[in-house]
Amino acid sequence: MASRAVQAKQQTLEFSDVKTGFSLLGLVGITDPPREEAIVAVQQCHAAGIRVKMITGDHRITACAIGAKLGIGDGHSAFTGIELDDMDDMQLRQVVAEVDIFARANPEHKLRLVTALQDNGDVVAMTGDGVNDAPALKRADIGVAMGQKGTEVAKEAAEMVLMDDNFASITHAVEEGRTVYDNIRKTVVYIIPTSGGEAGILMLAIILGMALPITPVQILWVNMVTTVTLAISLSFERPESGVMSRPPHDPNAPILSGFLVWRIVFVSLLMISGGFALYFWETLQGSSVELSRTVVVNVLVMCEIVYLFNCRYLVASVISRQGFLGNRYVLLAVGLLVILQLLFTYLPVMQQLFGTAALDAAAWGRIISVSLLLFLIIELEKYWLRWRGVKDL
């Protein structure tokens, strides 16, 4: 800061008035350090395979200093907007792949950088708050506008608005998004084999020319109660422990990998085998058709219950306190389904509606044994995957 005395009659200020004649009063250093949660959030992004870049209008030295505190870049390498102006698109694509800090950048530079990253095959999220940021926000795969300081133009151009203007919220959103994606996959991997087991039992019975082990109305019952109870509970699964330590999924990859398709087929075959094995056992023992069918319905439901726990973790073992008790909605769903199945099996009006018969303890023992066998086989398969070093399917 400096001062210079002027005559009282001077009413205007020209550039020539501030060239000379000033007395130094002192120096003031202003620091605006990044938030602690922002530093942690950047580290979490790096662990999750997300590369963070800084595009700022500040001086190169300021940008490098802040970048070093945040863990962005190496603290030394940075390009300015003037240097970017001298590059063609091919050179810019190479630079943007190697450098993480860009200083003295204007809105046009931001748009070019976003376009260059996309041309390199990257999925780009861009943050901004001003009117001039709108083109880059619109161009990015995910535009992120500031909810407090952001202009209405920026908010309209963005796909997501940060209501607290906190970078850490982006990390939380990534974690939530990965959890939702995982839960969708778990639900699909759970529902298809259960339906496949029912359909497979019917198809095999038709091919063999034998009486149906399960009637259409009983299939309707199984689908209705399992969808309302078990399948929905998977949507409440919490994030797995390693959800933010694995690389992002390929956006062009199918929701089900080849191995998950194999698991769907494998579990369907296990359910078909278990259902038919108990149906033949009851038939050979001279049990009625109603009782045999009741056994098949209950073994399908019990297999779906234990397979639900398998699906809580697609690779990690579920044999732990957290695995069995970590989701109270799963426990509530299982408890509700057990009550419904007991009513289905023993309530006279349900026996008349669905053609069921009461089961003895021995029949329940066989049903539970088959379902536990399915549970153990899937857990052994996951153990084999972990032994091979597979962390994500």
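The values are calculated or read from the model by the stated rules, or taken from the named source; none is laboratory data. Values in this document were obtained by computation on a predicted structure and should not be read as measured data. Note that we place each Cβ from the backbone using ideal geometry, even for glycine, and neighbour counts take in every protein chain shown.
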Query raised in the report: If you go through segment 150-179, how many residues are hydrophobic (A, V, I, L, M, F, W, C) and without any contact (Cβ under 8 Å) to a residue 60 or more places away in the chain?
Result: 9
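If you check A157, A105, which single one turns out to be under 13 Å from I55 (Cβ atoms) and at pLDDT 90 or above?
Working: A157 fails: under 13 Å from I55 (Cβ atoms).
Just one listed residue meets the conditions, A105.
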Query raised in the report: Taking G177 and the conditions (1) over 30 Å from F309 (Cβ atoms); (2) modelled with pLDDT of 90 or more; (3) surrounded by fewer than 17 Cβ atoms within 10 Å (Cβ to Cβ); (4) not β-branched (V, I, T), which numbered condition does it fall short on, given that it satisfies the others?
Result: (1)
**Report entry** Matching option when the condition is surrounded by fewer than 17 Cβ atoms within 10 Å (Cβ to Cβ) and among the basic types (K, R), among R328, R312, R366
**Finding:** R328
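So in segment 353-368, with the set limited to residues that are in a helix (DSSP H, G or I) and closer than 17 Å to I214 by Cβ, which one is nearest to the chain's Cα centre (by Cα)? Show your work before the answer.
Narrowing segment 353-368 to residues in a helix (DSSP H, G or I): 353-354, 361-368.
Those still in the list that are closer than 17 Å to I214 by Cβ too: 353-354, 363, 366-367.
Numbers: L353: 42, F354: 40, A363: 41, R366: 38, I367: 35 Å.
Filtering first and then ranking leaves I367.
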Report summary line: Subset of segment 275-309, residues within 19 Å of I206 (Cα to Cα) and under 33 Å from the mean Cα position of the chain (by Cα), comes to L300
Query raised in the report: Residues of segment 24-49 being closer than 27 Å to K391 by Cα and among the small types (G, A, S), which ones?
Result: A41, A47, A48, G49
Report task. Have a look at V301, V315, V297, V334 and point out the one that is β-branched (V, I, T), under 18 Å from L376 (Cα atoms) and part of a helix (DSSP H, G or I). Result -> V301
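Do you know which residues across segment 76-96 are outside any loop (DSSP other than H, G, I, E, B), aliphatic (A, V, I, L, M) and either under 20 Å from G57 (Cα atoms) or not assigned by TED's automatic domain parsing to the domain that holds T62 (or both)?
Our first condition is that a residue be outside any loop (DSSP other than H, G, I, E, B); within segment 76-96, this holds for 79-85, 89-96.
Retained after the next criterion (residues that are aliphatic (A, V, I, L, M)): 82, 84, 90, 92, 95-96.
Scanning segment 76-96 gives I82, L84, L92, V95, V96.
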Query raised in the report: Hey, among the residues in segment 1-46 that are surrounded by 13 or more Cβ atoms within 10 Å (Cβ to Cβ) and small (G, A, S), which one's nearest to I82 (Cα to Cα)?
Result: A38
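Does L393 count as over 26 Å from Q285 (Cα atoms), under 23 Å from the mean Cα position of the chain (by Cα), in contact (Cβ under 8 Å) with a residue 12 or more places away in the chain and not in a loop (DSSP other than H, G, I, E, B)?
Spelling it out, it is not the case that L393 is over 26 Å from Q285 (Cα atoms), under 23 Å from the mean Cα position of the chain (by Cα), in contact (Cβ under 8 Å) with a residue 12 or more places away in the chain and not in a loop (DSSP other than H, G, I, E, B).
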**Report entry** Yes/no for G49 being touching a Pro at 6+ places or on another chain (Cβ under 8 Å) and in a loop (DSSP other than H, G, I, E, B)
**Finding:** yes
Query raised in the report: Across segment 338-363, which residue is nearest to S320 (Cα to Cα) among those that are surrounded by fewer than 16 Cβ atoms within 10 Å (Cβ to Cβ) and among the β-branched types (V, I, T)?
Result: V338
Report task. Can you confirm whether segment 145-154 contains a residue that is closer than 27 Å to P247 by Cα and over 24 Å from the mean Cα position of the chain (by Cα)? Result -> no
Report task. List every residue pair whose Cβ atoms sit under 9 Å apart, with the two residues 6 or more apart in sequence or on different chains, where the first one lies in segment 339-353 and is without any contact (Cβ under 8 Å) to a residue 40 or more places away in the chain and closer than 15 Å to R293 by Cβ and the second, anywhere, is aliphatic (A, V, I, L, M) and part of a helix (DSSP H, G or I). Result -> M350/L343
